[in-house]
Each structure stands twice: as structure tokens, then as C-alpha cells.
Amino acid sequence: MISPLAYIHPGAKLGENCTVEPFAYIDDNVVIGDNCHIMANASVLSGTRMGNNNRVFHGAVVGGIPQDLKFVGEDTTLEIGDNNMIRENVTLNRGTASRGKTVIGSNNLFMENSHIGHDCIIGSGCIIGNTTKIAGEVIIDDFAILSACVLVHQFGHIGSYVMIQGGSRLNKDIPPYIIVGREPARYSGLNIIGLRRRGFSNETIKSIHDAYRHIYESGTIVSKAIERIKENMEITPEVENIIRFVEKEAERGIIG
């Protein structure tokens, strides 16, 4: 299942039952797990560590060197989990000396022409839409959905279970469970459909909604809103996640 027209460096390691199509390129210092499919004209470059059951489509470049002028050739990696679909012309860059690695979880879909910059940390179950560009050192938590043509500023943090509408430009951090849209990008309510699809109960969704009412509808500054949440609400795991994100993880400040 490996085409004689593909190039595979002798130093690369491939697992069992892999398919490598004609004109694919697999570099030295690459590890690919079992049951992966590398399609025609895709490139898997040095430093890539890929798990099982991944599909890399035509023209994708996985493990390219960082687009960062501070990069001077240091030994870094791109670490990819299992069951990811990496569509046509996607680019996934490896890390720099800052973190040493770019990390991508499992069960993600990277749609055509999307880009993940150096030192990013992408969770599991995410969808990155067509032509969406993620700058360096961005964190995206589990089950986030970024629609087409989204631009994410470097060092940003996007929380879990969010929905980002197409064409949004993000220069602030995005707390979990919400929809972000409009121009400029703003809080646009809860991602109710996404939460229900993931099995969140109506009671849990209500508690999340009440927390965001304190943050976005009370007219108070965010720190005061968090104090009110702690004083007046039951601190469920989801509410605790919101508090932790706002207080400790949103270094750039949350979107308005």
C-alpha cells in the first residue's frame, strides 16, 4: 500500500497498514502510527510524530518549519494524536524554542487551506474551517468549532465548546460554551445547539447562561461579575470552568 512513486526517507518510521500514495513525501525523523493514509502530493516533514488512523489529504504540509524569524533551526516537533482528518493544502507547523512543540489532539477536522502556527496547542474534537488561520502559540480547547476564514491573533486562547462565526477576527480570548460573531467580533450568546449535541442537560445549559448573564449583561466589570457568580450561584463544573478561564487563563482578556 506504499506507492513506488512516493519518497520515504530511510530514517522515517511507519506503522502497520499505512497507505502512501504517489508523489507523497515523508521526511527523515518522522514517526507515523498505524492505519494512516498519506495522499498524493502531501508532505510529512521532519519532527512530525503522528498517531493512528490519521488521513493527510492532497497538498497538505505537515510539520513545516515555523513561520517565525526567531526560529534558527532548533530541534522541535509537531505531535499529532489519532483519527485526525487533515484536508487539502492544510499547513501544520512544528514548534520553536518557545514551547518546543506544536500539539494537536485527536478526532479533529482541519478543513481545506487552514493553517496552524508554531507552538499551538489544539485539543480534541475541534473543527477548523476552510482558510481559517491560527497564529503562533494559540491554545484551542476541546470541541471548539471555528468556521471559515477566521483569523486568530497570536497567544490567543479559545475555550471549549465554542462556535466562532465565519470571517471573525479574534484579538481577545474566547471563554467556553459561547458563540462569537458580528463585526467586530462580540459575544453572541450561548452555543446552545452545540451543547445539546454534546449531551449537556437543560439544567446545565441554564447554569452556564446564568453565569454569562452576570458577565455580559450585568453592566459591571468582569472581576465584579465573577465575584457575584461566586456569591450567588452553585459552582458546577461548567461554572467553575468559566471562572477559571476568566480569572487565570484569559491572559489577553475576554471578548466583549
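The values are calculated or read from the model by the stated rules, or taken from the named source; none is laboratory data. Being a predicted model, the structure only gives us computed values, none of them experimental. FYI the Cβ positions are ideal-geometry reconstructions off the backbone, even for glycines, and counts take in every protein chain you see.
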Inset, instruction - Within region 121-163, count every residue that is hydrophobic (A, V, I, L, M, F, W, C), under 17 Å from Pro66 (Cβ atoms), in contact with a Lys or Arg (Cβ under 9 Å, 6 or more places away or on another chain) and buried (at least 20 other Cβ atoms within 10 Å of the Cβ). - result: 1
Inset, instruction - Consider Glu227 carefully, then state whether it is within 22 Å of Ser201 (Cβ to Cβ) and surrounded by fewer than 18 Cβ atoms within 10 Å (Cβ to Cβ). - result: no
Legend entry - Residues of region 74-109 classified as under 14 Å from Gly51 (Cβ atoms), assigned to a loop (DSSP other than H, G, I, E, B) and of a type in the set (Ser, Thr, Tyr), total: 1
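Considering every residue within region 224-232, establish whether at least one is on the phi < 0 side of the Ramachandran plot, touching a residue at least 24 places away in the same chain (Cβ under 8 Å) and out of contact with any Phe, Trp or Tyr (no Cβ under 6 Å at 6 or more places or on another chain).
The first filter runs over region 224-232 and keeps only residues on the phi < 0 side of the Ramachandran plot, leaving 224-232.
Checking the rest, the ones that are also touching a residue at least 24 places away in the same chain (Cβ under 8 Å) come to none.
No, every residue in region 224-232 fails to be on the phi < 0 side of the Ramachandran plot, touching a residue at least 24 places away in the same chain (Cβ under 8 Å) and out of contact with any Phe, Trp or Tyr (no Cβ under 6 Å at 6 or more places or on another chain).
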Inset, instruction - Determine which single condition Ser98 fails, assuming it passes every other condition in (1) buried (at least 18 other Cβ atoms within 10 Å of the Cβ); (2) in the same structural domain as Val44 (by TED's automatic domain parsing); (3) of a type in the set (Ser, Thr, Tyr). - result: (1)
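Would you call Ala148 within 15 Å of Gly47 (Cα to Cα), modelled with pLDDT of 95 or more, part of a loop (DSSP other than H, G, I, E, B) and more than 11 Å from the chain's Cα centre (by Cα)?
So Ala148 fails the test.
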Legend entry - Residue among Leu69, Leu14 that is surrounded by fewer than 19 Cβ atoms within 10 Å (Cβ to Cβ) and not polar (S, T, N, Q): Leu69
Inset, instruction - Return the pairs, sorted by first residue and then second, in which the second residue is surrounded by fewer than 24 Cβ atoms within 10 Å (Cβ to Cβ) and small (Gly, Ala, Ser), the first residue lies in region 103-127 and is closer than 17 Å to Gln165 by Cα, the beta carbons are less than 8 Å apart, and the residues are 6+ apart or on different chains. - result: Met111/Gly129; Met111/Ala148; Ser114/Gly129; Cys126/Gly105
Inset, instruction - Run Asn191 past the list (1) in contact with a helix residue (DSSP H, G or I) (Cβ under 8 Å, 6 or more places away or on another chain); (2) crowded, with 19+ Cβ neighbours inside 10 Å; (3) over 14 Å from Ile255 (Cα atoms) and report the number of the one that doesn't hold. - result: (1)
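With respect to Phe71, determine if the residue is in a loop (DSSP other than H, G, I, E, B), of a type in the set (Phe, Trp, Tyr) and either closer than 19 Å to Ile116 by Cα or at pLDDT below 95 (or both). Quick ask: steps written out before the conclusion?
Working: in a loop (DSSP other than H, G, I, E, B): yes; of a type in the set (Phe, Trp, Tyr): yes; either closer than 19 Å to Ile116 by Cα or at pLDDT below 95 (or both): yes.
The answer is yes for Phe71.
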Inset, instruction - Scan region 219-232 and give yes if some residue there is under 29 Å from Ala148 (Cα atoms) and touching a Lys or Arg at 6+ places or on another chain (Cβ under 9 Å), otherwise no. - result: no
Legend entry - Flag if Thr19 is among the β-branched types (Val, Ile, Thr) and touching a residue at least 24 places away in the same chain (Cβ under 8 Å): no
Legend entry - Which listed residue, of Ile179, Ile226, Ile205, is under 26 Å from Ile128 (Cβ atoms), assigned to a helix (DSSP H, G or I), out of contact with any Pro (no Cβ under 7 Å at 6 or more places or on another chain) and of a type outside the set (Lys, Arg): Ile205
